[in-house]
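What follows is calculated from the coordinates using simple rules that are stated; it is not laboratory data. Only a predicted model underlies this, so the values are computations on that prediction, with no experimental measurement involved. A quick note on method: Cβ atoms are made from the backbone with ideal geometry, for glycine too, and the neighbour counts reach across all protein chains shown.
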Amino acid sequence: MYTNFKKSLGQNFLKDEHYIQKIVDCVHYDDISNFLEIGPGDGQLSEKIIQLNQPIKLIEIDQNLNQILNSRFSKYKNVDVINDDVLKLDLKLLSNSNTIILGNLPYNISSQIIFKVLESNIEYKYAIFLIQKELADRFIPKENKSTKLSLQSNYFADLEKIFDIPPDAFYPVPKVNSTLVKITPNRKKYNLTEYNKLKAILSACFANPRKQLASPLKKIFPSMPSFSFSLTNRPEDLALDHYFEILSKYEK
């Protein structure tokens with residue numbers, strides 16, 4: 001077992017065979033599918049995915065792990081190990097409409113990687129990521145509630161929780177639970193100008209999330225227009241369509 005872990009890279013490897021197989025069982029693919037795994041670590045999940053006999057690219061920033069992966073999978077012709085930082089890569093060169101993206105994401109940069117995928121305007125079939133449960137709850141909050149992360153990500157994709165994984169399934173053992181989430185794109189391309197304006201409105205509204213919406217909207221609108229929702233609501237009470245309504249009236 002690999003033991004030279006780097007805290008700076010947020011490395012916690014999934015070691016429990018039961019949960020590794022559960023993840024593989026969630027992967028629905030066909031003859032034209034290909035895989036892109038982010039942060040494969042020492043290749044425990046990769047080994048299972050490779051057995052599906054589809055092309056797979058492994059992106060690993062750690063040079064030591066890169067050498068382990070190259071040695072472990074050298075006999076497979078359909079495996080490409082890439083030693084690089086996923087946040088700096090052009091994902092358009094690595095993904096297409098048949099790509100399934102996987103990853104046990106480092107806790108410290110999970111949201112950055114997710115938004116890298118979402119904002120890169122790439123084509124992909126869907127993504128399955130293992131992330132900290134607390135972060136998963138922010139991306140996928142309770143019914144009829146929203147967070148800035150959930151609204152921003154829902155601009156691009158539909159997100160769902162699949163199952164939780166306890167700390168003792170990992171090595172080193174983290175102090176938190178993890179959640180497997182599935183991300184399915186809901187649009188092929190997005191309007192960058194519209195998205196940036198939406199982000200600005202979300203930032204303004206969620207700057208003080210416990211305050212009623214009347215407070216931040218007064219700063220956006222010199223003269224307050226009428227809305228389909230009550231200004232006594234808090235930012236978490238509104239759905240994405242409501243924020244598009246704010247954006248539409250702002251642009252007028």
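The stretch 50-113: Rg/Rh from Cα coordinates, Kirkwood Rh? Value, to two decimals: 0.95. With the charge dipole of the stretch 154-252 set up from +1 on Lys and Arg Cβ and -1 on Asp and Glu Cβ about the Cα centre, the Cα lying farthest toward the positive end among the listed residues P225, F206, L180 is that of P225. Classify the stretch 151-210: rounded, prolate or oblate, from the alpha-carbon gyration tensor (a ≥ b ≥ c, eigenvalue square roots; a/c under 1.5 rounded; otherwise prolate if a/b is larger than b/c)? The shape class here is oblate. Computed extension length for V24-E245: 75.5 nm, one decimal, from 0.36 nm per residue of separation with the Cα-Cα distance subtracted. The charge dipole of the stretch 7-185, taken about its Cα centre with unit charges on the Cβ of Lys, Arg, Asp and Glu (plus for the first two, minus for the last two), comes to roughly 280 debye.
Its Cα gyration tensor gives the stretch 7-185 an equivalent ellipsoid; the semi-axes, largest first and in whole Å, are 24, 19, 16.
At full extension, Y76 and K219 could sit 45.6 nm farther apart than now, given 0.36 nm per residue minus the alpha carbon distance. The convex hull defined by the C-alpha atoms of the stretch 192-251 has an orientation-averaged projected area of 3.7 nm².
Peptide packing for 162-168, 24-30 was compared via the average number of neighbouring C-beta atoms within 10 Å per residue; ordered from the highest value, the list is 162-168, 24-30.
In the elastic network of the chain, a GNM with C-alpha springs shorter than 10 Å, the most mobile of E60, E194, E123 is E194.
When the square roots of the Cα gyration tensor eigenvalues are ordered a ≥ b ≥ c, the ratio a/c for the stretch 119-175 is 1.5 or more and a/b does not exceed b/c, which makes its shape oblate.
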